[in-house]
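The values are calculated or read from the model by the stated rules, or taken from the named source; none is laboratory data. Owing to the predicted nature of the structure, the values given are computational and were not obtained by experimental measurement. In this analysis, Cβ positions are derived from the backbone assuming ideal geometry, glycine residues included, and neighbour counts consider all displayed protein chains. Heads up: the accessible areas ignore ligands, DNA and RNA and are worked out on the full protein's heavy atoms, side chains in. Shrake-Rupley method; radii C 1.70, N 1.55, O 1.52, S 1.80 Å.
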Amino acid sequence: MAENANRKNILSPSILAADFAVLGEQITEVAKAGAEYLHIDVMDGVFVPSISFGMPIVESIRKITNIIFDVHLMIVGPERYVKQFAQLGADSITFHLEAAEDADELIDQIHSLGCKAGMSIKPQTPVEVVRKYLTKLDMLLVMTVEPGFGGQKYIPESTERIRLVRQMADELGTDLDIQVDGGITRENVKVVLDAGANVIVAGSAVFKGNITENVKNIMAQF
Ligand code: DX5
Ligand code: ZN
């Protein structure tokens with residue numbers, strides 16, 4: 001399916017790949033270079049093998065930037081923490097369907113907190129399961145690697161999964177955002193955009209090397 005010309009493409013750099021010794025400076029740099037979202041990966045060591053960071057980081061960086069905070073919760077029991085992340089300044093909160101007790105209720109809860117609601121599925125989760133949520137979600141995140149670590153390789157089967165979700169959304173008449181996350185580079189970004197994704201997460205491809213150039217090179221493909 002062809003990319004929808006009216007849909008806005010957005011870059012969401014993942015700070016998991018940033019240098020935490022100079023995190024504030026690097027966030028300022030991605031925003032200045034044109035990125036509109038900031039992807040914040042919260043990992044609990046249970047839903048995924050690794051532990052990343054949590055509330056204190058969000059609270060600190062909220063003070064230095066107005067960029068949209070796109071929080072990706074890779075945690076069990078996400079319903080326990082959405083309120084806190086909203087209060088700390090999250091603009092959009094994405095949970096994993098595989099981790100949620102009641103996804104419908106959680107979407108409502110996130111909306112009632114004044115945030116956009118996103119839902120994510122891991123690479124092995126059949127895409128069909130998202131259909132019933134698409135009309136009430138603001139964003140669907142199709143993981144393009146197994147969640148848990150930055151710097152992995154894009155799983156090629158993801159392209160068809162993105163296409164299928166966009167097709168489902170079109171059938172339902174909803175123009176929700178479709179986010180992709182994992183292994184996205186300037187070389188393959190066109191592939192995911194053409195498949196129907198429009199919110200592009202990139203960690204290593206933004207923060208390794210020259211950040212400003214990386215942001216501009218990826219966004220040049222939008
Ligand atoms: C992986 C995280 C990603 C990660 C992407 O579980 O959800 O957001 O930071 O990193 P790259 O772009 O390096 O694959
Ligand atoms: Zn992520």
key: Low-density loop positions, GluC sites (Glu not before Pro), the stretch 126-222 - DSSP coil, at most 16 other Cβ in 10 Å   = GLU157, GLU187
ask   = By average Cβ neighbour count within 10 Å, what is the ranking of 197-203, 149-155 from highest down?
value = 197-203, 149-155
ask   = What FRET efficiency do you get for LYS216 and GLU25 if R0 is 22 Å and r is their Cβ-Cβ distance, rounded to the nearest 0.05?
value = 0.80
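Determine the per residue accessible area of the stretch 1-95 with all protein chains present and a 1.4 angstrom probe, expressed in square angstrom. Before the final figure, lay out the partial values.
On the way: 4120 Å² over 95 residues.
Heavy-atom accessible area per residue stands at 43 Å².
With r as the distance between the Cβ atoms of TYR133 and LYS208 and R0 = 30 Å, compute the FRET efficiency 1/(1 + (r/R0)^6) and round to 0.05.
The calculated FRET efficiency here is 0.30.
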inquiry  = Which residue, ALA86, ILE64, MET74, has the largest displacement toward the positive end of the dipole of the stretch 46-104 when charges sit on each Cβ (Lys, Arg +1; Asp, Glu -1)?
reply    = ILE64
task = Quantify, in whole percent, the carbon and sulfur part of the accessible surface of the chain (1.4 Å probe; protein heavy atoms only).
result = 51
note = Zone reached by a paramagnetic label modelled 7 Å from ARG62 Cα along Cα→Cβ, restricted to the stretch 98-119 with backbone N below 17 Å, covers 110-117
Full-stretch length increase - SER112, ASP175 - with 0.36 nm per residue and alpha-carbon distance subtracted = 20.6 nm
request  = Given the options GLY148, GLY114, GLY196, state which has the largest fluctuation in a GNM of the chain using a 10 Å cut-off (strictly under) for Cα springs.
outcome  = GLY114
message = Can you tell me the convex hull volume per residue for the stretch 1-57, based on C-alpha atoms, in Å³ to the nearest whole number?
response = 132
task = May I ask you to order 17-30, 72-85 by the average number of other C-beta atoms within 10 Å around their residues, highest value first?
result = 72-85, 17-30
ask   = Rounded to the nearest 5, what % of the DSSP beta bridges within the chain are antiparallel ones?
value = 5
inquiry  = Going through the cross-link list LYS83/LYS216; LYS32/LYS63; LYS8/LYS190; LYS32/LYS83, which pairs have a Cα-Cα distance over 25 Å in this structure?
reply    = LYS83/LYS216; LYS32/LYS83
query = Quick one: length gained pulling GLN87 to GLN152 fully straight, 0.36 nm per residue minus the C-alpha distance?
reply = 20.2 nm
